[in-house]
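These notes are about the structure you will find just below.
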Amino acid sequence: MDVAASYAVTPGGSDFRDVTRVFALASQEMEPGSIVAVDAFSLNDAMTAIEIGDPRLDTGMELETTERLQFDPLTPLLPEEICWIIDRSMAYETEWHASNPLAHTVYTLLYVHYLNDVDPDVLPFLSMINLDPSRPLELITVVLRAYTSGLLKSCNLAWNELSKGSLLDTEDWQSDKSDVSLLEGWPVKAAVARLDAALTWLSTTTKVPPSWQEALKIRLQFRRTILLLLNSTESLTRDHEDFKHLLQSARHSLSIIRAHPCESITSSSPAHAAFDLHIARRLNTFLPVRVIEVPSPEQTCNAYERILNGWEDLAGLSRTYQISTWNQVGLHQSWFSAPGARPAYIRSSAQTLFYDGIQIIQSQPQSWLVGRFFEETIGVSYNVFAQYWGGPGSVSLLELEKRVIHTVIPHIRGLWNNPARRRRFLVKSILDWHMIYDTLCVLVEGLDTTDIDPVTSRTLNQFSKAVVLWRLASIREVILSGFQLELYHPLERPFAYWFAAQVIDVHLGFLDVLLNRMASVVPQDSPSRKEMQFQHVFLLALQAMSMAMFISLIRGLPLNAIFNQWEQLRANLHRRYKWAFQPAYDMFEFNPIVLEPDFTHFLREVQKVQDLGQNQAIVVNAKDRTQKESLRSTTEYFELAQRLLQGLISTDSTGALEGKWGHDRMKLLRGMSETCQELHPYLAASSSDEGDTSRISISALDWTRSFPNIDAFCRP
Amino acid sequence: MALSAANTSNASHTSATAELRQLLSSTLRITVVDGRIFLGSFIGTDQPMNILLTDTEEYRIESSEAGKNDREESSSTSGRFVGQILIPWKIIQKIEVQEPVQPQPSARTQSGYDGHVM
């Protein structure tokens, strides 16, 4: 660099005078501990400043260990090197979708920052500098430029969805763009046109060997499809068929990319310079620099597969106008896979699809929810209820309808939150459900029933039970999701299982009433009755599993451990279940169904388990309602659960869920049944070893199968 | 934090310190040993010369090897905002202060102007 050039680029210009000596002399003159500062200076100013040269704080610092390769965007590259760059950028894109910052992922591709430098329109002498026929510069200026533009536009569209506020920035995803353009103002059509132009060039050129032409074309096509899918997600309900075709095309492209991953390039290849893992040091970001390990091609394809599967679910949901199905799908997706396996973009899109701030599923008004809620839960039209107060939307029902809407929307949307936030939403909804229950009870109690026949009167009373079913399901989910979040201390775990079994017991009681004693209320052969019958058996199985775990864990603890540490444990349980002890419940006229856990009852049951020997009968609260028999041991509980689950599987019973969702539910049942089967030998071993359940090893079991809150059943 | 809080009146008012005070609130350009340049407003320092700048931009001047590439160089000279920073004396290579802009002499004050309106 010559002096003139250096001078020209010195930041701030030339009107500067060297004062280094002034500072050096002042340092000698000043007393230790003294400062020279502006009047408004405070200690806080010094404390909040970033110390340059401190590797922990100074994000711009170049560490001696980091070696930067010199990057020139117009360095000619071989087709395989372009392919390698594209595959690596795809890997980084999936890492951004996995909640990492752009500065550590997509932005490490340096072409992102040099798009204008590789624009063929501003490079008129391109043909003169391109001397190597095996490295045509069009690979950079046409192919890679189009791909990078498409990549940035894809990130822009995903960013737009994620920034809608359904998910939390820095918790579920990273919004920081570090002042780098994601081609925000550029139309999607232009990005697609650029990709099309690149595809055309690849199809007609003779400069690239045919095998590499195909490899590059399939990657450009995949990018083009991803871009179009991202662009169509908002109009999913309108362009459903087009979306499905795009999805099919994306799956096809991905399968080819998966089958033919790009081989790694030589260590001396100039393509390595296309990525700067420490680019964040040069960007406007305060995030500490972190080098993200590049996922393997297999991992990258799996990550894309998860996004495509998410889109598949969204396509199905866009045609699903049953809120109970939405509820079950939401529950399944949080039970099925590890939280990291659900891309934030899909979770946000699902929430937007359900409610975009104006409409439900892009077509229905909010009031539509009220009718669906009651009709799907107890099989009776909301009109049957509403007619006694002037019909749906009448002044007397406004409060009720508002509460249903304001509870159902966050309840369903919240199922696509991350596990911790999802649990918090559910905890909040427990009180909201009770508010609806209270409102319904007050309305029915205030109704003059002199002119109403007893059957209708009975039906009106059942509407509040619909709300109770949702509330009890939420409580159960809150308790069991605590295992997924690893919230519970070992001493708290037996209580959690016991309390879950108690809540299920009440739930079964309500289902009993609706299915048998109030048989006339829920119409025969209605989807609601079918679902209730399924839930009845399913919950019995879940209750048996919970009881098995409760007994097993109590026996695994030192004798009287619960009693000896009860004071501390009681305080912990109060804090853990604080949602059950809310004074807010005192404001309502009607008492909630299931609220505060009965600690005395729990201690009695613990005592009972301790007192009785391994082979003696344990008659606890979980009576088998279908067989009326007492259960004896943990093994028997699991056997019962397995029998019940196998019954559902053999009769292909999936309740009200059909098609893909029914298939998912069946997968869930099989996973649960197999879990019961696999726990037998461990529990048998622990029984013969004086109940040492610590021998149940998580790693010894195959927990990869589907299972509801599987963590809840694999922790000793 | 290296910058110690103490009474500013403790500083003796000899010439260099007084001159240092004159620099407060001025724009400083500090070059550090790894080649970066920081341009920010000088708000304080302590006796070991841990210098506090506010509203600072960080610039990176490439070495002559990397600087061969014009595109690279041009991009590196666009600063990134780093806000309030503290630069320890041990990594400082050079400190410069921006001279106040002198008003351009107007035509009326130029010698040789005879006052006649053209």
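The values are calculated or read from the model by the stated rules, or taken from the named source; none is laboratory data. Predicted model, so just to flag it, every value in this text is computed and none were measured. Cβ: placed from backbone, ideal geometry, glycine included. Neighbour counts: every protein chain shown. Ligands, DNA and RNA are stripped out before the accessible areas are found, and what is left, the full protein with its side chains, is counted by its heavy atoms. Shrake-Rupley method; radii C 1.70, N 1.55, O 1.52, S 1.80 Å.
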So, in region A:11-27, exactly how many residues are facing chain B (nearest Cβ under 7 Å) and hydroxyl-bearing (Ser, Thr, Tyr)?
2
Name, by its number, the condition in (1) open to solvent by less than 60 Å² (accessible area, probe 1.4 Å); (2) among the β-branched types (Val, Ile, Thr); (3) outside any helix (DSSP H, G or I) that does not hold for A:Thr266.
(1)
Over region B:36-49, the set of residues surrounded by fewer than 23 Cβ atoms within 10 Å (Cβ to Cβ) and more than 8 Å from chain A (Cβ to nearest Cβ) is B:Ser41
Say whether the condition of being open to solvent by 50 Å² or more (accessible area, probe 1.4 Å) and touching a residue at least 24 places away in the same chain (Cβ under 8 Å) is met by at least one residue in region A:339-347.
yes
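Would you confirm, using the coordinates I've provided, whether A:Ile409 is within 26 Å of A:Ile475 (Cβ to Cβ), open to solvent by 10 Å² or more (accessible area, probe 1.4 Å) and touching a strand residue (DSSP E or B) at 6+ places or on another chain (Cβ under 8 Å)? First the steps, then the outcome.
Numbers: within 26 Å of A:Ile475 (Cβ to Cβ): yes; open to solvent by 10 Å² or more (accessible area, probe 1.4 Å): yes; touching a strand residue (DSSP E or B) at 6+ places or on another chain (Cβ under 8 Å): yes.
Yes, satisfied.
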Name every residue in region A:213-241 that is open to solvent by less than 30 Å² (accessible area, probe 1.4 Å) and assigned to a loop (DSSP other than H, G, I, E, B), in order of residue number.
A:Leu236, A:Thr237
Restricting attention to region A:513-546, which residues are farther than 19 Å from A:Ile475 by Cβ, crowded, with 21+ Cβ neighbours inside 10 Å and among the small types (Gly, Ala, Ser)?
A:Ser528
Residue check for A:Ala146: part of a helix (DSSP H, G or I) and either closer than 30 Å to A:Arg422 by Cα or open to solvent by 50 Å² or more (accessible area, probe 1.4 Å) (or both)
no
Return a yes/no flag: does region B:53-64 have any residue that is at pLDDT below 90, more than 7 Å from every other protein chain (Cβ to nearest Cβ) and over 21 Å from A:Asn284 (Cα atoms).
yes
Condition broken by A:Pro454, with the remaining ones in (1) within 25 Å of A:Asp356 (Cα to Cα); (2) open to solvent by 40 Å² or more (accessible area, probe 1.4 Å) satisfied
(1)
Output yes when any residue across region A:618-641 is modelled with pLDDT of 60 or more, of a type outside the set (Asp, Glu), surrounded by 21 or more Cβ atoms within 10 Å (Cβ to Cβ) and under 26 Å from A:Pro527 (Cα atoms), and no when none is.
yes
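Just the residues that are of a type in the set (A, V, I, L, M, F, W, C) and within 24 Å of the chain's Cα centre (by Cα), please, taken from region A:651-669. Let's see the steps before the verdict.
Here is the first cut: in region A:651-669, the residues of a type in the set (A, V, I, L, M, F, W, C) are A:656-657, A:661, A:666, A:668-669.
Of everything in region A:651-669, those that are of a type in the set (A, V, I, L, M, F, W, C) and within 24 Å of the chain's Cα centre (by Cα) turn out to be A:Leu657, A:Trp661, A:Met666, A:Leu668, A:Leu669.
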Among A:Val404, A:Val384, which is the only one that is within 24 Å of A:Arg471 (Cα to Cα) and open to solvent by less than 20 Å² (accessible area, probe 1.4 Å)?
A:Val404
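Can you tell me how many residues within region A:21-31 are in a helix (DSSP H, G or I) and either open to solvent by 30 Å² or more (accessible area, probe 1.4 Å) or in contact (Cβ under 8 Å) with a residue 40 or more places away in the chain (or both)?
Of the residues in region A:21-31, the ones in a helix (DSSP H, G or I) are A:21-29.
Imposing the further condition that a residue be either open to solvent by 30 Å² or more (accessible area, probe 1.4 Å) or in contact (Cβ under 8 Å) with a residue 40 or more places away in the chain (or both) reduces the set to A:21, A:24-25, A:28-29.
Qualifying residue count, region A:21-31: 5.
Quick one: is A:Ser253 surrounded by fewer than 16 Cβ atoms within 10 Å (Cβ to Cβ) and either among the polar types (S, T, N, Q) or in contact with an Asp or Glu (Cβ under 6 Å, 6 or more places away or on another chain) (or both)?
Details: surrounded by fewer than 16 Cβ atoms within 10 Å (Cβ to Cβ): no; either among the polar types (S, T, N, Q) or in contact with an Asp or Glu (Cβ under 6 Å, 6 or more places away or on another chain) (or both): yes.
Here the answer is no, as A:Ser253 does not meet what is asked.
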Taking the residues in region A:269-293 that are away from chain B (no Cβ under 14 Å) and within 13 Å of A:Ile86 (Cα to Cα) as candidates, determine which candidate is surrounded by the fewest Cβ atoms within 10 Å (Cβ to Cβ).
A:His272
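Here is a yes/no grid of residues against (1) closer than 24 Å to A:Leu308 by Cα; (2) crowded, with 18+ Cβ neighbours inside 10 Å; (3) modelled with pLDDT of 95 or more:
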position	(1), (2), (3)
A:Arg135	no, yes, no
A:Leu157	yes, yes, yes
A:Asn160	yes, no, yes
A:Pro209	no, no, no
Filter region A:95-122 for residues that are of a type in the set (Ser, Thr, Tyr) and surrounded by 22 or more Cβ atoms within 10 Å (Cβ to Cβ); which is farthest from A:Leu162 (Cα to Cα)?
A:Tyr111
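Counting only residues that are under 15 Å from A:Ala344 (Cβ atoms) and of a type in the set (Val, Ile, Thr), how many does region A:301-325 have? Quick ask: steps written out before the conclusion?
So in region A:301-325, the residues under 15 Å from A:Ala344 (Cβ atoms) come out as A:303-304, A:306-307, A:309-311, A:313-314.
From the residues that got through so far, the ones that are of a type in the set (Val, Ile, Thr) too are A:307.
Result for region A:301-325: 1.
Given the criterion open to solvent by 30 Å² or more (accessible area, probe 1.4 Å) and either part of a helix (DSSP H, G or I) or farther than 16 Å from A:Asp87 by Cα (or both), identify the matching residue among A:Lys153, A:Lys189.
Numbers: A:Lys153 fails: open to solvent by 30 Å² or more (accessible area, probe 1.4 Å).
Testing whether each residue is open to solvent by 30 Å² or more (accessible area, probe 1.4 Å) and either part of a helix (DSSP H, G or I) or farther than 16 Å from A:Asp87 by Cα (or both) leaves just A:Lys189.
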